[in-house]
């Protein structure tokens, strides 16, 4: 066998693959109408993946759960690129990467888009984990933001009390559009370069994988029957424009994937079904759309209380925001 | 007056501004229903612009003609970025930039999207012109591609017989999506770093500005009444997804503008009104959509004849492609 992945790498890829199978079953059950179809692919340089996609469901307009395990040798250009962005102590060219990526764009504008990604990487003698999960509502509510963060804080706290505060801040910083001065959504957790006891880290990432459904499904269930019309769909499409902007301009995984000629369809699986851009769009003063925009700034959701004002933005009253 | 722009810079900005006024009039007349509205803005570091936008017209679903004249001093980060991409002989920090940018997204999928940009820049003691115009049809025809290229070749040839072949190839190379292995459209001309006799170059750019309407309007008129349905709109939105991908991932002007904290709405004016992404979309064999995709590869449109096969793609018959 030409490939040289480690026994631990094998365990990680098996974990992510099992997680993909289970999530596809559970998400299809949650949707209630559409099923995932599996697109298996090989990577010419080594490895491959299974991209599972769902479309035109009762809940999900477009989504995917992608698993991959790829390996090989970085070429000169990629090695130079990596050295610029993250100089390695052991700058080997041999790499192994396995992970799972989940992006779900619901049709109902009241149901938030959700994203999660967990990955394990080896480069030369070095290895590390990365991942996270974040929520991107169109019409955010304090109730949903609190519930989502509480779920991720709980899993973090079970493994390391320093995780949640660090990973929550990291998420706010990562999913940020400087040209809009707004976060992509209400955040969650994000981590990278996580090194240490590999078994303990794999346990943490397994726990995270098992947290995804309990963190998201109750929010989707709570909002999916809420009636909406053209106004809400229009605003949803504008917000999806911002989602596309983030993924195409700033997301490091997307940039790396496209620059290294990864598999385009799997890399861009995250893009929304329909996105809209309108020059100089502004919300009507006092509208729910104006209220929504106030959520797209880093906030400590779990300690957020009625009447508090997020720093740097105009005052708002969270109790109004949560009423629908 | 704090600002130090040259007498020539003043002439260039006046030319572009006059061109903007005239184009807005002529394009509104071509549209027949909507009018441009002007959004004037100041740039905190110096200068400003007039962004003229049109929406929900009879012909144009979304479009803009943007003029700007900005000046100032590059900060450390921008200077370093510029030195990496284009090391200057006289790496001054003082800059002056003026230009006009045109992007029009018609509603009817048979009418091509069109883009043009002309600009004059000074940096320290250095100065140069850049610009070009390219056509992005959803359902390309050989007739339109030939007519568009013929117009730009004519204006190029009046100034320098080497221009069209160089600028045509440059356009094909610039408006290219490596991750899709396709060009953004059927090309046109693109040039940058054009230095020499400033008056002669300004004449060339003025001539280009005057070529825009004669190059585009006949194509729009020819196609605007062609009936279309949901299939054509769907394909148009998928193609607009590619347009958004190019502009957000590869366009140097967009990247530079966002990285240097330019005016977001003016930078992203070029984005389509509505874009769509579908995982793994493939055209139906034998469909007009499949034929359309064969145009998105560099071809010498002006010498293209019936029965010829573009290199690197599957065979096609251009006479079928031009029939509608």
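Determine, yes or no, whether residue A:114 is touching a strand residue (DSSP E or B) at 6+ places or on another chain (Cβ under 9 Å), in a helix (DSSP H, G or I) and either within 29 Å of residue B:259 (Cα to Cα) or free of Cβ contacts under 8 Å to residues at least 60 places away in the same chain (or both). Please lay out each step first, then the result.
Values: touching a strand residue (DSSP E or B) at 6+ places or on another chain (Cβ under 9 Å): yes; in a helix (DSSP H, G or I): no; either within 29 Å of residue B:259 (Cα to Cα) or free of Cβ contacts under 8 Å to residues at least 60 places away in the same chain (or both): yes.
Against the criterion (touching a strand residue (DSSP E or B) at 6+ places or on another chain (Cβ under 9 Å), in a helix (DSSP H, G or I) and either within 29 Å of residue B:259 (Cα to Cα) or free of Cβ contacts under 8 Å to residues at least 60 places away in the same chain (or both)), residue A:114 does not qualify.
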Considering only the range A:179-275, give the helices (runs of 4 or more DSSP H) lying wholly within it that have at least 1 residues that are away from chain B (no Cβ under 14 Å) and in contact (Cβ under 8 Å) with a residue 24 or more places away in the chain.
A:198-223, A:230-245
Residue A:19 fails exactly one of (1) free of Cβ contacts under 8 Å to residues at least 60 places away in the same chain; (2) outside any strand (DSSP E or B); (3) touching a helix residue (DSSP H, G or I) at 6+ places or on another chain (Cβ under 8 Å), namely (1)
Residue tally, condition surrounded by 15 or more Cβ atoms within 10 Å (Cβ to Cβ) and under 23 Å from the mean Cα position of the chain (by Cα), over the range A:216-231
7
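Assess whether residue A:144 counts as being away from chain B (no Cβ under 14 Å), within 24 Å of residue A:217 (Cα to Cα) and free of Cβ contacts under 8 Å to residues at least 24 places away in the same chain. Walk me through how you get there before you give the answer.
Numbers: away from chain B (no Cβ under 14 Å): yes; within 24 Å of residue A:217 (Cα to Cα): yes; free of Cβ contacts under 8 Å to residues at least 24 places away in the same chain: no.
It is false that residue A:144 is away from chain B (no Cβ under 14 Å), within 24 Å of residue A:217 (Cα to Cα) and free of Cβ contacts under 8 Å to residues at least 24 places away in the same chain.
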Looking for something out of contact with any strand residue (DSSP E or B) (no Cβ under 9 Å at 6 or more places or on another chain), more than 15 Å from residue B:211 (Cα to Cα) and part of a helix (DSSP H, G or I) - is there at least one such residue anywhere in the range B:124-142?
yes
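Going by the conditions given, is residue A:176 within 14 Å of chain B (Cβ to nearest Cβ) and at pLDDT 95 or above? If you could, list the steps in order and put the result at the bottom.
Numbers: within 14 Å of chain B (Cβ to nearest Cβ): yes; at pLDDT 95 or above: yes.
Criteria met by residue A:176.
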Can you tell me which residue among B:240, B:263, B:184 is buried (at least 21 other Cβ atoms within 10 Å of the Cβ) and at pLDDT below 95?
B:263
Listed residues A:207, A:230, A:181, A:157; which is within 24 Å of residue A:30 (Cα to Cα) and out of contact with any strand residue (DSSP E or B) (no Cβ under 8 Å at 6 or more places or on another chain)?
A:207
Residues (touching a residue at least 12 places away in the same chain (Cβ under 8 Å) and either within 14 Å of chain B (Cβ to nearest Cβ) or over 30 Å from residue B:242 (Cα atoms) (or both)) located in the range A:276-294:
A:276, A:277, A:278, A:281, A:288, A:291, A:294
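Just checking, which of B:54, B:100 is closer than 25 Å to residue B:203 by Cβ and part of a strand (DSSP E or B)? Full working, then the answer.
Numbers: B:54 fails: closer than 25 Å to residue B:203 by Cβ.
Just a single option satisfies the conditions, and that option is B:100.
Specify the residue that is farthest from residue B:210 (Cα to Cα); the eligible residues are those in the range B:36-48 that are within 14 Å of chain A (Cβ to nearest Cβ) and touching a residue at least 12 places away in the same chain (Cβ under 8 Å).
To start, the set of residues in the range B:36-48 that are within 14 Å of chain A (Cβ to nearest Cβ) comprises B:36-41.
Okay, now just the ones that are also touching a residue at least 12 places away in the same chain (Cβ under 8 Å), so B:36-39, B:41.
Details: B:36: 19, B:37: 22, B:38: 21, B:39: 24, B:41: 26 Å.
Ranking the candidates gives B:41 first.
Among B:10, B:15, which is the only one that is within 19 Å of the chain's Cα centre (by Cα) and either more than 19 Å from residue B:103 (Cβ to Cβ) or surrounded by fewer than 15 Cβ atoms within 10 Å (Cβ to Cβ) (or both)? Spell out the reasoning first.
Details: B:10 fails: within 19 Å of the chain's Cα centre (by Cα).
When all the criteria are applied, what remains is B:15.
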In the range A:148-167, residues that are touching a residue at least 60 places away in the same chain (Cβ under 8 Å) and either within 14 Å of chain B (Cβ to nearest Cβ) or surrounded by 15 or more Cβ atoms within 10 Å (Cβ to Cβ) (or both) total 5
Residue check, residue B:28 within 29 Å of residue B:114 (Cβ to Cβ) and buried (at least 20 other Cβ atoms within 10 Å of the Cβ):
no
Scanning the range A:49-72 residue by residue, those closer than 20 Å to residue A:18 by Cα and more than 14 Å from every other protein chain (Cβ to nearest Cβ) turn out to be A:67, A:68, A:69, A:70, A:71
How many residues of the range B:58-76 are surrounded by fewer than 17 Cβ atoms within 10 Å (Cβ to Cβ) and assigned to a strand (DSSP E or B)? The answer is 1
Conditions (1) more than 23 Å from residue A:205 (Cβ to Cβ); (2) in contact with a helix residue (DSSP H, G or I) (Cβ under 9 Å, 6 or more places away or on another chain): number failed by residue A:84:
(2)
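The values are calculated or read from the model by the stated rules, or taken from the named source; none is laboratory data. Bear in mind the structure is a predicted one, so any value in this text is a computation, not a measurement. Quick reminder, even Gly has a Cβ in these numbers, built from the backbone with ideal geometry, and neighbours come from all protein chains shown.
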